[in-house]
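Since every read-out is calculated from the coordinates, none of them should be taken as a lab result. From a predicted model like this one, the values you see are computed outputs, not experimental measurements. We place every Cβ from the backbone using ideal geometry, glycine too, and count neighbours over all the protein chains shown.
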Amino acid sequence: MDGATGLPLPIVGRFVVIEGLDGAGKRTLADGLEVELTTRGANVARAAFPRYDVDVHADLVRDALHGQLGDLADSVHGMAVLFALDRHDAAPELRAAQREHDILLVDRHVSSNAAYGAARLREDAHGEFVKWVRELEIERLGVPVPDVQLLLRVPRQLAAERAAHRENDDPDRRRDRFETDADLQHRTAQVYEQLAATQWLSPWVVVDGTHRVDAAGLANQLLA
């Protein structure tokens, strides 16, 4: 795969995931891409993880991250299992969306679980946790593998400022334990870079999210 010349993948059912730190602007990028892709005639489906208020495992994640489930949030593997079960529950819907749409655009997927968990354990992308997540989600639970992953690269401080601003504007999006841990966010960014560099699970494209992203140019790549 060459990000400069396009992605040599079939257009129908292309599974595209946007990854990045909390506050990186993933939802904004997804909104922009949906508009651009639709303008070009593509039929687009959207999804985002965790699926709060949709799946019980995601709701348990939210409760734990806000200190409502005792010491559950302290367990890196326990939290990772809940994130994974949310995706396992959504797998039939994801596969149906791939069959029925040209592009399936997803905000966070398996790589988020790998990056945040490895960072919490102070491991890198070559450590045991990342291998364990792949075995759990892909091999044991059968979660669909993306065709391409977009890493929205944003300086940690800028991402933190955006997350705080989002919280102030929307009381329902109160930051959780992970989002307010600056050191964790820094380590997670490093793991994400390693995952992208090694093309973990599927091809990656790194997108500079410091300023307004060229959604039009990115849409052209995804449809190439």
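So how tilted is helix 76-100 from the main axis of the chain? Cα-based, degrees 0 to 90, rounded to 10. For helix 76-100, the angle is close to 20 degrees. Note on the chain: GNM, Cα springs under 10 Å; of His57, His211, His88, the largest mean-square fluctuation is that of His211.
In this simple spin-label model, placing a label point 7 Å from the Cα along the Cα-to-Cβ direction at both Glu128 and Ala224 gives a separation of 4.1 nm. Take the alpha carbon gyration tensor of region 14-222, find the square roots of its eigenvalues, order them as a ≥ b ≥ c, and report rounded if a/c is under 1.5; if not, report prolate when a/b exceeds b/c, else oblate. Judged from the Cα gyration tensor, region 14-222 comes out rounded (a/c under 1.5). In plain terms, the chain from Asp59 to Asp214 could stretch by 52.4 nm, reckoned as 0.36 nm per residue minus the Cα-Cα distance. Between Ile103, Ile138, Ile18, the residue with the greatest mean-square fluctuation in the GNM of the chain (Cα pairs under 10 Å linked by springs) is Ile138. Per-residue ellipticity at 222 nm, computed for the chain from helices alone with -39500 (n - 2.57) per DSSP H run of at least four residues, works out to -14500 deg cm²/dmol. Relative contact order of the chain: 34 percent, from C-alpha pairs under 8 Å at least 6 residues apart in sequence.
For Leu141 and Arg27, a Förster radius of 30 Å and the Cβ-Cβ distance give a FRET efficiency of 0.75, rounded to the nearest 0.05.
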